[in-house]
């Protein structure tokens with residue numbers, strides 16, 4: 001039951017930060033910012049919000065260990081590379097639809113990132 005509660009919290013924070021990131025991106029584009037700059041700022045703020053939200057809400061981790069930020073970024077890159085690998089596999093090898101491929105690849109990102117955050121970034125859960 002404990003892992004289920006973490007997963008639900010993790011998915012809720014992920015949904016919130018995704019919506020937040022898109023609002024930031026679209027607002028910046030509306031205000032005249034370059035789409036690539038808007039994308040970068042939106043994702044960066046979303047990544048920060050994801051770290052803070054999962055640290056404090058999902059895993060209730062009170063540590064001020066600076067290495068958690070590095071571990072989080074490493075976990076993000078591992079998860080993203082996994083996502084990219086599966087996206088390539090679904091699109092180019094299996095010839096799936098582009099939208100379906102994104103959804104399937106995203107599933108692997110979510111699972112890998114959750115596991116890494118739970119077992120590596122915030123390992124000492126209180």
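Please work out which one of (1) in the same structural domain as residue 123 (by TED's automatic domain parsing); (2) modelled with pLDDT of 95 or more; (3) over 20 Å from residue 123 (Cβ atoms); (4) in a helix (DSSP H, G or I) is the condition residue 49 fails and give its number.
Against the list (1) in the same structural domain as residue 123 (by TED's automatic domain parsing); (2) modelled with pLDDT of 95 or more; (3) over 20 Å from residue 123 (Cβ atoms); (4) in a helix (DSSP H, G or I), residue 49 comes up short only on (1).
Quick check on my filter: what residues within region 86-122 are outside any helix (DSSP H, G or I) and surrounded by 13 or more Cβ atoms within 10 Å (Cβ to Cβ)?
Within region 86-122, 96, 122 meet the criteria.
Among the residues in region 68-76, are any surrounded by fewer than 16 Cβ atoms within 10 Å (Cβ to Cβ) and under 11 Å from the mean Cα position of the chain (by Cα)?
yes
Quick one: residue 38 ticks every box in (1) surrounded by 16 or more Cβ atoms within 10 Å (Cβ to Cβ); (2) not assigned by TED's automatic domain parsing to the domain that holds residue 5 except a single one, so which number is it?
Of (1) surrounded by 16 or more Cβ atoms within 10 Å (Cβ to Cβ); (2) not assigned by TED's automatic domain parsing to the domain that holds residue 5, only one is false for residue 38: (2).
Looking only at region 13-34, filter to residues that are in a loop (DSSP other than H, G, I, E, B) and either at positive phi or out of contact with any helix residue (DSSP H, G or I) (no Cβ under 8 Å at 6 or more places or on another chain) (or both); which one of those is surrounded by the most Cβ atoms within 10 Å (Cβ to Cβ)?
Looking at the filtered set, the residue picked out is 34.
Given the residues 23, 3, which is the only one that is closer than 16 Å to residue 115 by Cα, outside the structural domain of residue 121 (by TED's automatic domain parsing) and more than 15 Å from the chain's Cα centre (by Cα)?
3
The values are calculated or read from the model by the stated rules, or taken from the named source; none is laboratory data. These numbers come from a predicted model, not from an experiment. Note: ideal-geometry Cβ built from the backbone for every residue, glycine included; neighbour counts use all protein chains shown.
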